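Novice: Input: one structure, supplied below.
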Amino acid sequence: MVNFLQHTFNGLVGGAFLALLALGLAVIFGMLRVVNFAHGAIYMLGAFGAYVLLTEVGLSFWWALIVMPLMLALFGMALERLVVARLARLDPLYNFLLTFGLTLILQDAVKSRYGVQSSPYDAPEVLSGTLDLGAFDFPAYRVFVLVMAVAVCVGVWWLLSRTRVGMVVRAATERPELSTALGIDVGRWVTPVFGFGIGLAGLAGVLAAPIRAVNPLMGADLIIVVFAVVVIGGLGSIFGSVAAGFAIGLVQAWVQALGEHWALLSQVLVFLVMAGVLLWRPAGLFGREEAPA
Amino acid sequence: MSEQSAPEQETAAAGSVAVEDQAVGVRAEARATATGTPVPAGGTIVPRWLRWALVGSALVVALWLPNGLYPTVAVDIACWALFAVAVDLLLGYTGLMSFGHAAFWGTSAYATGLAAINWGLPFPVAVLLGALAAVVLAIPVGYLAVKRVGIYFAMVTLAFAQMVYYIANQWRSVTQGENGLQRVPRELFGLDLTDEYYFYYAALPIVAGGLFLVWRAVHSPFGRVLVAIRDNPARARALGYPVHRYKLAAFLLSAFTAGLGGGLFAIGHRFVSLDVLHWTTSGKAVIIVVLGGIGTLWGPVVGAAGVTRLEDWLSFAGFEQIGLVTGAIFVLTVLIFRRGLWGTLAHWLRRR
């Protein structure tokens with residue numbers, strides 16, 4: 001039982017990263033109809049940025065946690081203005097291809113400067129111990145990651161459902177033409193929303209730095225898992241993407257807990273679930289059927 | 001069965017204009033940005049004599065290639081040309097962007113390598129077996145993937161290809177994991193094909209056969225239906241064409257062609273590594289198609305030659321971060337050169 005709780009906890013932490021990345025993807029997709037292939041590369045930049053800030057500038061994890069997402073959000077906004085917007089009127093596949101090319105550039109740029117080996121990054125002093133929550137000792141840093149991820153997801157939900165900004169963004173997402181006709185300046189929100197989604201990926205990256213291997217390819221395979229996650233949840237659905245992220249993280253951890261022999265299954269599980277979802281509900285568990293892209 | 005359950009089917013039947021616009025796929029863009037006339041699938045505007053002249057000069061170039069280039073590079077160009085044409089059959093003629101074709105290229109590479117190593121088959125037979133293995137894999141993948149269109153299709157194919165990658169990575173007893181399959185033999189009735197120069201000529205008929213197969217399919221009634229589906233799936237369905245089945249058939253044919261390329265690649269390099277299944281390989285094939293020109297059969301061939309030559313040149317020059325260059329070329333192509341090399345040429349010819 002204790003073991004099960006421990007695996008459940010680890011699964012939630014793993015799911016937290018998937019959920020944060022899927023959330024960013026879904027927010028961007030909702031507003032721009034762009035599937036950002038570079039999301040994994042941005043995650044990597046977040047983690048690498050934290051490492052570089054620590055070793056070359058001397059800024060601690062806490063600074064990185066604030067600075068990196070903001071910097072990457074600005075980078076994302078510039079990116080949206082300079083290139084993504086130019087392809088906005090075309091088939092979404094073109095922006096998918098564009099961000100794929102960008103991924104290659106970002107990965108190789110980091111690789112040429114820092115090599116492919118992983119860089120060590122320690123969790124901050126305060127969070128290096130464990131927390132005793134009764135059943136067993138939770139590593140404090142992982143608890144922090146989980147709390148942060150849940151807080152961010154709830155925060156985004158609150159922003160979207162309870163604020164005026166969120167209302168405008170939701171209206172623009174669901175009925176762009178109608179919103180424009182009603183006098184809402186949809187275009188004004190495109191760039192900030194893109195930046196916000198990119199910032200979320202950056203945040204996930206900084207959070208990942210102390211517990212995942214920091215190297216130029218850390219986001220490369222992860223992004224494909226996140227794609228499968230959003231197909232499962234339904235890309236148009238923000239709730240679905242987050243829920244699917246946590247669920248996949250959980251199930252992966254449980255299968256992994258079964259032992260060595262199950263390593264392959266825990267890797268391909270997400271794709272098998274995706275296949276099942278495609279058979280059963282092609283639009284995704286929470287996706288709506290009237291919006292196939 | 002699947003025809004009724006898929007969402008795209010139902011929505012399209014509803015006849016909503018918005019849905020139709022989204023489902024048209026890449027070619028919708030060509031119409032939006034080009035001068036206003038959609039590019040016909042076969043380039044029928046080109047006069048017949050010009051087309052024969054093109055085929056003739058292509059044959060001459062193909063026969064001359066290993067004399068002008070390092071023969072290994074010539075073999076690579078031939079393999080990638082097959083791969084890119086396979087991807088273009090889906091992207092350019094069916095309106096489906098597969099971002100997971102490395103699964104078929106790589107599966108065939110492994111199957112061909114294993115058949116050649118374990119059974120000592122003549123290499124064309126091994127390549128054929130490899131391509132058939134790719135088709136077998138493409139049946140379930142294609143069946144599931146054609147339930148979605150557009151960007152989802154790209155994501156789904158990418159995800160399935162990644163699954164194949166993980167399986168190959170873990171299934172060490174067969175794939176040798178990180179070490180890869182080594183010393184793949186090049187058997188052909190006792191002929192000595194160790195020299196790349198002669199192997200190129202031995203492989204050329206397979207390449208020509210694969211390209212002819214796709215050309216034949218595109219210019220057949222079957223190909224016409226594919227183009228109709230690409231341009232207006234709702235109308236194709238209303239006319240009574242089982243859209244999903246046509247898409248699946250195109251998917252299988254594409255997997256077969258990619259498999260021919262992958263099998264030859266394995267024999268050509270005498271080595272198969274996990275790279276053949278990685279998503280960067282799928283991406284490279286799409287890059288080649290876009291750079292060469294979506295929806296043209298010559299384009300992917302030209303693109304394959306260009307990209308392979310460039311990569312060879314870069315690695316020869318000791319440049320390690322090839323992704324920087326290919327990524328930049330890709331970004332620029334997508335931003336300002338969406339017609340691609342061949343598409344631009346055809347457009348320019350048409351205007352005169």
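Novice: Taking a spot 7 Å from the Cα of A:TYR114 along the direction of its beta carbon, which residues of the stretch A:42-61 have an amide N less than 12 Å from it?
Specialist: Output list for this probe position: A:42-57.
Novice: Then there is this: Hey, if you put +1 on the Cβ of every Lys and Arg and -1 on every Asp and Glu Cβ in chain B, which of B:ASN179, B:GLY343, B:ILE267 ends up farthest toward the positive end of that dipole?
Specialist: Farthest towards the positive end: B:GLY343.
Novice: Using Cα atoms only, what is the angle between the long axis of helix B:196-218 and the major principal axis of chain B, expressed in degrees (0 to 90) to the nearest 10?
Specialist: Tilt relative to chain B: about 20 degrees.
Novice: Taking 0.36 nm per intervening residue step and subtracting the Cα-Cα distance, what contour gain separates A:ASP137 from A:PHE239 on full extension?
Specialist: Full-extension gain reported as 33.7 nm.
Novice: Run the numbers on chain A and let me know its relative contact order in percent, using alpha-carbon pairs under 8 Å that are six or more apart.
Specialist: 37
Novice: List the relative contact order of chain B as a percent without decimals, with contacts defined as Cα pairs under 8 Å and 6+ residues apart.
Specialist: 30 percent.
Novice: Sticking with this one: Based on other C-beta atoms within 10 Å, arrange B:ILE206, A:ILE211 from fewest to most.
Specialist: Final ranking by Cβ density, sparse to dense: A:ILE211, B:ILE206.
Novice: Continuing with this model, one more query. Shielding of B:143-155 by partners, i.e. mean partner chain Cβ atoms within 10 Å per residue?
Specialist: 6
Novice: Would you mind giving the mean number of other chain beta-carbons within 10 Å of the Cβ of each residue in B:163-175, as a whole number?
Specialist: For peptide B:163-175, the averaged partner shielding equals 3.
Novice: Can you run phi through the Karplus equation (6.51, -1.76, 1.60; θ = phi - 60°) for the stretch A:183-194 and list ³J(HN,Hα) in whole Hz, with x for Gly and Pro?
Specialist: Here the 3J(HN,Hα) series is x, 8, 7, 5, x, 4, 8, 5, 5, x, 5, 4 Hz.
Novice: Amide H to amide H, which residues 5 or more places from A:THR130 or on other chains are under 5 Å from it, using H placed in the peptide plane?
Specialist: Those qualifying (amide H under 5 Å, at least 5 residues apart or on another chain) are A:ALA140.
Novice: Against the longest alpha carbon principal axis of chain A, how many degrees, from 0 to 90 and to the nearest 10, is the axis of helix A:164-174 turned?
Specialist: Orientation of helix A:164-174: about 70 degrees from the principal axis.
Novice: Counting only other chains, and only Cβ atoms inside 10 Å, what mean value do you get across the residues of B:320-326?
Specialist: Per-residue shielding by partner chains comes out at 6.
Novice: Which of B:HIS101, B:HIS269, A:HIS261 comes first, and how do the rest follow, when ranked by fewest Cβ neighbours within 10 Å?
Specialist: A:HIS261, B:HIS269, B:HIS101
Novice: By how many degrees, between 0 and 90 and to the nearest 10, does the Cα long axis of helix A:140-162 differ from the longest principal axis of chain A?
Specialist: Approximately 20 degrees, to the nearest 10.
Novice: Also: Roughly how many debye, to the nearest 20, is the charge dipole of chain B about its Cα centre, given +1 on each Lys and Arg Cβ, -1 on each Asp and Glu Cβ, and no other charges?
Specialist: Roughly 1040 debye for chain B.
Novice: Would the stretch B:169-294 count as rounded, prolate or oblate if I go by the C-alpha gyration tensor, calling it rounded below 1.5 in a/c and otherwise prolate when a/b exceeds b/c, oblate otherwise?
Specialist: prolate
Novice: Contact order normalised by length for the stretch A:26-102, with contacts defined as Cα pairs under 8 Å and 6 or more residues apart; what percent is it?
Specialist: Contact order relative to length: 42 percent.
Novice: Where does the longest stretch of chain B lie that holds no chymotrypsin sites (Phe, Trp or Tyr not before Pro) found in a DSSP loop with 13 or fewer other Cβ atoms within 10 Å?
Specialist: In chain B, the maximal stretch lacking such sites is B:1-170.
Read-outs: derived from the displayed coordinates by stated rules, not from any lab. This one's a predicted model, so the numbers in the text were calculated from it and none came from an experiment. Cβ: placed from backbone, ideal geometry, glycine included. Neighbour counts: every protein chain shown.
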